[in-house]
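Every number here is computed from the coordinates shown, using simple stated rules; none is lab data. This one's a predicted model, so the numbers in the text were calculated from it and none came from an experiment. Glycine also receives a Cβ, built like all others from the backbone with ideal geometry; neighbour counts cover every protein chain displayed.
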Amino acid sequence: MNNKILSYLKLYKNKTISLFELERIFEGNTNYEDFAKEIKILEEKDILRPVKSHHTNGKAIPLYNSYRINKSVFKEELSDRIQKFKLISNPDIDLQKYFELSEKEWEKDFPYIEIVNNYIEKHGFPIDEATSPERSYQIMGDEKWIDEKGGRKLLERLDVWEKFKISYKNDPLMLGVNPKEMNKELHFHMIVENKATFHVMLDILHDTIFTSLVYGAGWKIVSNVVMLEKQLGLEGHNHKLFYFGDMDYEGISIWNALNSKKPTILASKFYKVLLKKPYSKGKDNQKANQIAIKNFLESFNVEERNQILEMFNNGGYYPQESLKNEEISHIWRNMLYGANY
């Protein structure tokens with residue numbers, strides 16, 4: 001059966017279609033005999049139903065001048081496809097709403113439904129709550145999927161939204177404060193991804209010109225950064241945020257999500273020193289967000305960019321802990337003096 005005419009009939013808005021219009025779909029090298037055979041097949045399949053009161057065209061293979069399109073046949077095909085996937089998908093995924101929606105909606109959502117299903121099959125549902133950017137990254141490798149790209153709507157359709165334990169609460173930040181910097185008009189804040197690095201930097205916070213040091217706690221910082229000015233009592237002042245995290249796919253995605261929410265400068269001096277060291281191997285389960293990587297690379301020169309990409313291609317990454325305590329202290333003490341972050 002000709003797929004071109006099937007696609008046309010599925011999208012055709014009217015209930016009745018003329019023979020003339022059907023012929024136009026076949027314009028080209030198709031002769032009348034082949035065209036007539038296709039129409040007869042569509043009649044046999046009950047996709048086209050002749051309008052007998054409009055009579056036939058009187059040719060050797062007679063065709064009616066008008067046909068009604070039996071749209072229910074297409075609905076049955078779609079239902080069969082949904083039912084087949086339902087049989088092999090995780091039982092917690094509810095596809096019932098798709099039996100009532102259009103084929104276009106199913107086709108649009110299906111690639112994401114497969115990814116969600118594969119995630120549940122592999123990991124199950126989470127025990128702990130997570131922010132929407134973190135859960136987005138875990139499921140789809142794109143921290144914006146849930147909030148900005150229709151992810152929440154899809155998870156609600158599948159009746160798994162509650163099971164993914166996505167939190168929109170803003171928790172208080174864990175931070176250290178530098179009292180001597182509190183009276184300035186412009187405030188610098190350093191956000192670090194991991195707790196061990198936070199403790200190293202906290203010991204010398206008073207030796208820097210930063211107002212605060214913030215423990216990002218992985219993805220939590222993306223939601224909780226809105227608490228920074230309020231907790232410090234510095235609302236209405238000017239602020240510059242800096243970030244230092246692991247140089248891996250997830251660390252880069254965290255920074256990119258944070259930067260999208262509140263402009264955050266990459267503390268590239270830390271990363272540049274990391275690049276002078278041998279990288280670690282592992283973290284195969286992390287997902288690459290190409291937009292985040294592109295934005296991250298903008299803070300480096302061509303040689304450094306190539307080195308970072310080669311590291312990722314080889315399955316490598318740099319944890320923050322690759323830097324010695326003395327190196328972290330030296331870099332941070334001298335940050336902002338002479339700039340080039």
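For segment 161-247, the set of GluC sites (Glu not before Pro) satisfying both a DSSP loop assignment and a count of at most 14 other C-beta atoms within 10 Å is given as Glu185, Glu235.
Computed from the Cβ-Cβ distance with R0 of 56 Å, the FRET efficiency linking Asn325 to Arg81 stands at 0.45.
Restriction of the trypsin sites (Lys or Arg not before Pro) in segment 1-69 to DSSP coil positions whose beta-carbon has at most 14 other beta-carbons within 10 angstrom yields Lys13, Lys15, Lys45, Lys59. Give the residue from Thr264, Val226, Ser79 lying farthest towards the positive end of the charge dipole for the chain; charges sit on Cβ (+1 for Lys and Arg, -1 for Asp and Glu) and the dipole is referred to the Cα centre. The residue sitting farthest along the positive end of the dipole is Ser79. Extension gain, Asn170 to Arg333, is 55.6 nm, computed as 0.36 nm per intervening residue step minus the present C-alpha separation. For the peptides 147-156, 254-263, the ranking by mean Cβ contacts within 10 Å, running from highest to lowest, is 254-263, 147-156. Between beta-carbons, use under 15 Å as the cut-off and find the net charge around Ile61, counting Lys and Arg +1, Asp and Glu -1. Here the count lands on -3. Working note: Karplus 6.51/-1.76/1.60 with θ = phi - 60° gives segment 49-54 the couplings 10, x, 8, 5, 5, 8 Hz, where Gly and Pro are set to x. Kindly list the residues of segment 2-45 that lie in the label zone of Thr56, defined by a backbone N under 13 Å from the point 7 Å along the Cα-to-C-beta vector. Counting only backbone N, you get 36-37, 40. Across the chain, the mean sequence separation of Cα contacts (distance under 8 Å, 6 or more residues apart), normalised by length, yields a relative contact order of 12 percent. Under the classification rounded if a/c is under 1.5, otherwise prolate if a/b is larger than b/c and oblate if not, where does the chain fall, given a ≥ b ≥ c as square roots of the Cα gyration tensor eigenvalues? Here the chain falls in the prolate category. Working note: Cα atoms of segment 3-69, range along each principal axis, descending, whole Å: 31, 30, 20.
Magnitude of the charge dipole for the chain, about its Cα centre and with charges confined to Cβ atoms of Lys, Arg (+1) and Asp, Glu (-1), is about 660 debye. Mean separation of Cα pairs under 8 Å and 6 or more residues apart, divided by the residue count, gives segment 174-333 a relative contact order of 26 percent. Among the GluC sites (Glu not before Pro) in segment 9-111, those located in a DSSP loop and surrounded by at most 11 other Cβ atoms within 10 Å of their own Cβ are Glu27, Glu100.
I need the calculated FRET efficiency for the pair Ile204 and Glu148, taking r as the beta carbon distance and R₀ as 35 Å, to the nearest 0.05.
Calculated value: 0.40.
P(r) tail, segment 108-191: Cα-Cα pairs separated by more than 21 Å, 41% of all pairs. The equivalent ellipsoid of segment 174-333 has semi-axes of 27, 17, 13 Å, largest first, where each one is the square root of 5 times an eigenvalue of the Cα gyration tensor.
Across segment 73-167, Cα pairs under 8 Å and at least six residues apart give a relative contact order of 31 percent. With R₀ fixed at 35 Å, the C-beta to C-beta distance from Asn301 to Ile115 puts the FRET efficiency at about 0.50.
Counted by neighbouring Cβ atoms within 10 Å, the residues Thr131, Thr264 run from fewest to most as Thr264, Thr131.
A simple spin-label model places the labels of Asn14 and Val226 5.2 nm from each other, with each point 7 Å out along Cα-to-Cβ. Compute the Cα gyration tensor for segment 252-341, then decide on rounded, prolate or oblate, letting a ≥ b ≥ c be the square roots of its eigenvalues: rounded whenever a/c is under 1.5, prolate when a/b is larger than b/c in the other cases, and oblate in all that remain. Taking the square roots of the gyration eigenvalues as a ≥ b ≥ c, segment 252-341 is oblate. For the charge dipole of the chain, defined by +1 on Lys and Arg C-beta atoms and -1 on Asp and Glu C-beta atoms about the Cα centroid, which residue among Ile209, Phe110, His239 has the Cα displaced farthest towards the positive pole? Projecting each Cα onto the dipole axis, the largest value belongs to Phe110.
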